[in-house]
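Following: one structure in structure tokens, then a few remarks.
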Amino acid sequence: MELIERFLNYVKFDTQSSEESETVPSTSKQLIFAEYLKKELENEGLSDVEMDEMGYIYATLKSNTSKDVPTIGFISHYDTSPDCSGKDIKPSIVKNYDGSDIQLSEGIVTSPSKFPELLQHKGEDLIVTDGTTLLGADDKAGVAEIVQAMCYLRDHKEIKHGDIRVGFNPDEEIGRGAHHFNVKKFGCEWAYTMDGGDIGGLEYENFNAGAAKIHIKGVSVHPGSAKDKMINAIRVGMELAAMFPEKEVPEHTEGYEGFFHLLQFKGGVEACDMYYIIRDHDREKFEDRMAFVKKCVDKINEKYGEGTVSADISVQYYNMREKIEPNMHIIDIVLKAMQESGVAPVVTPIRGGTDGAQLSFKGLPCPNIFAGGLNFHGPHEFVPIRNMEKAVEVIINICKITEGFND
């Protein structure tokens, strides 16, 4: 099976995850694809293929060298985002894209005036949606690339490599993908997630991430007799929100700049709930941000009375850089693999998170490599075919370079 055929086959499966669910995986339909993928890996001749009851899949391409070579891994998630439907995806291929607007379907257009990144892929073949669903290149492109690379190595025994482990997991899009990933069973010295965006992307820095669930307890009194009695939880919440730095929000930050992001604000006079996410690449600044939220809550309680505001402030994940820096050879290998593939590296910090961050702190250093898609989580998502082909080349070259690692 060729790469694009494999990818188009994968996106037929609806694997949307759900933040509302407490099960693992969060949606049972993910297991339908997981079962299919497990059988495909077996049919392609990989060894040690197994899937646990939560939908985590592990397999091995056995070593074909007598050298003592580090066991490395490649990981992708197969769920798609809850932000946009992943049901009945109808992809199409735009041949030799000419730089003009792309009509996805009647009245739905992807235009370079709104998505200028399209122009970076003029003259290439693009896979697009029909404008009613996402595409699922995040991250079924990564899954297809890993499987294709393993098949290529299987068929080209002249390329020497050590044991290569592959892993595929659910629920990355809701932040739970690495929670049940069995690092010990995976058995790798290091690994790479194939879950990045445009060609050349290499990421080994991400946000330190926290969350604050804030509950405000008001006092509801008839407004006609509310003086000195009512505590309007909504207004208290607005007062609390106003204490946060005005410009330290996603819409005013970039690069290494951190932020506070108010995701939810709901309730009434009697009770109100707010949900913040807290992000910063710098660990010390991140800790300061977490402490700042608590100080704001304390000030509100000083004004309105203890217990008016309660906050559950928690760490979600840390910046993987502190786990990657002592192992920079794994980055050097990728840079060399990209060079040999004719790909210019684009090393950037992730303004978000990745399964690799959590895995790095579970003992598996795991930077993130491009899978090739753009405009994720919406109907204007697309993937250039060349991007996917180059991702496969990079995987193959990483395996080849690692075989000579101890030379």
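The values are calculated or read from the model by the stated rules, or taken from the named source; none is laboratory data. The shown structure was predicted, so the numbers you read here are calculated from the model rather than taken from an experiment. Cβ placement follows ideal geometry from the backbone for every residue including glycine, while neighbour counts extend to all protein chains displayed. Ligands, DNA and RNA are stripped out before the accessible areas are found, and what is left, the full protein with its side chains, is counted by its heavy atoms. Shrake-Rupley method; radii C 1.70, N 1.55, O 1.52, S 1.80 Å.
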Under 7 Å by Cβ, and 6 or more places apart or on different chains, what pairs join a residue from segment 35-53 that is free of Cβ contacts under 8 Å to residues at least 60 places away in the same chain with one that is surrounded by fewer than 16 Cβ atoms within 10 Å (Cβ to Cβ)? SER47/LYS62; VAL49/GLU42
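Could you check segment 1-34 and list, in sequence order, the residues that are small (Gly, Ala, Ser) and free of Cβ contacts under 8 Å to residues at least 12 places away in the same chain?
As a first pass, look at segment 1-34 and keep what is small (Gly, Ala, Ser): 17-18, 21, 26, 28, 34.
Once the filter is applied, which keeps residues that are small (Gly, Ala, Ser) and free of Cβ contacts under 8 Å to residues at least 12 places away in the same chain, segment 1-34 yields SER21, SER28.
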Given the criterion out of contact with any strand residue (DSSP E or B) (no Cβ under 8 Å at 6 or more places or on another chain) and either part of a strand (DSSP E or B) or more than 30 Å from TRP190 (Cβ to Cβ) (or both), identify the matching residue among LYS266, LYS285, LYS299, LYS323. LYS299
Just one listed residue, out of LEU119, LEU61, is at pLDDT 95 or above and under 20 Å from ILE401 (Cβ atoms), and it is LEU61
So, first residue charged (D, E, K, R) in segment 72-83, second residue open to solvent by less than 10 Å² (accessible area, probe 1.4 Å) and outside any strand (DSSP E or B), Cβ within less than 6 Å, six or more apart or across chains; the pairs are ASP79/THR15; ASP79/SER17; ASP79/GLN30; ASP79/PRO170; ASP79/ASP171
Screening ASP68, ASP88, ASP52 for residues that are on the phi > 0 side of the Ramachandran plot and among the acidic types (Asp, Glu) leaves only ASP88
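Being over 25 Å from ILE174 (Cβ atoms), open to solvent by less than 70 Å² (accessible area, probe 1.4 Å), in contact (Cβ under 8 Å) with a residue 40 or more places away in the chain and not hydroxyl-bearing (Ser, Thr, Tyr), is that true of even one residue in segment 204-214?
Looking for residues that are over 25 Å from ILE174 (Cβ atoms), open to solvent by less than 70 Å² (accessible area, probe 1.4 Å), in contact (Cβ under 8 Å) with a residue 40 or more places away in the chain and not hydroxyl-bearing (Ser, Thr, Tyr), one finds none in segment 204-214, hence no.
Yes or no, residue by residue, for (1) modelled with pLDDT of 95 or more; (2) part of a strand (DSSP E or B); (3) more than 19 Å from the chain's Cα centre (by Cα); (4) surrounded by 24 or more Cβ atoms within 10 Å (Cβ to Cβ):
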{"site": "GLN339", "(1), (2), (3), (4)": "yes, no, yes, no"}
{"site": "ALA357", "(1), (2), (3), (4)": "no, no, no, yes"}
{"site": "HIS377", "(1), (2), (3), (4)": "no, no, no, no"}
{"site": "GLU389", "(1), (2), (3), (4)": "yes, no, yes, no"}
{"site": "ILE398", "(1), (2), (3), (4)": "yes, no, yes, yes"}
Please work out which residue is most open to solvent (accessible area, probe 1.4 Å), limiting yourself to segment 252-281 and to residues that are modelled with pLDDT of 95 or more and among the acidic types (Asp, Glu). GLU270
What strands (runs of 3 or more DSSP E), lying completely within segment 48-99, carry at least 2 residues that are open to solvent by 30 Å² or more (accessible area, probe 1.4 Å) and either under 22 Å from ALA191 (Cα atoms) or among the β-branched types (Val, Ile, Thr) (or both)? 92-94
Sort out which residues of segment 9-22 are crowded, with 16+ Cβ neighbours inside 10 Å and not β-branched (Val, Ile, Thr), and write them in order of number. TYR10, PHE13, ASP14, GLN16, SER17, SER18
Which residues, counting only those in segment 23-45, are of a type in the set (D, E, K, R) and either open to solvent by 80 Å² or more (accessible area, probe 1.4 Å) or within 22 Å of MET150 (Cα to Cα) (or both)? GLU35, LYS38, LYS39, GLU40, GLU42, GLU44
Considering only residues that are in a loop (DSSP other than H, G, I, E, B), open to solvent by less than 10 Å² (accessible area, probe 1.4 Å) and touching a helix residue (DSSP H, G or I) at 6+ places or on another chain (Cβ under 9 Å), which ones fall in segment 128-179? LEU135, GLY136, HIS161, GLY162, PRO170, ASP171, GLY177, ALA178
Of all the residues that make up segment 9-30, how many are outside any loop (DSSP other than H, G, I, E, B) and under 17 Å from ASN182 (Cβ atoms)? 0
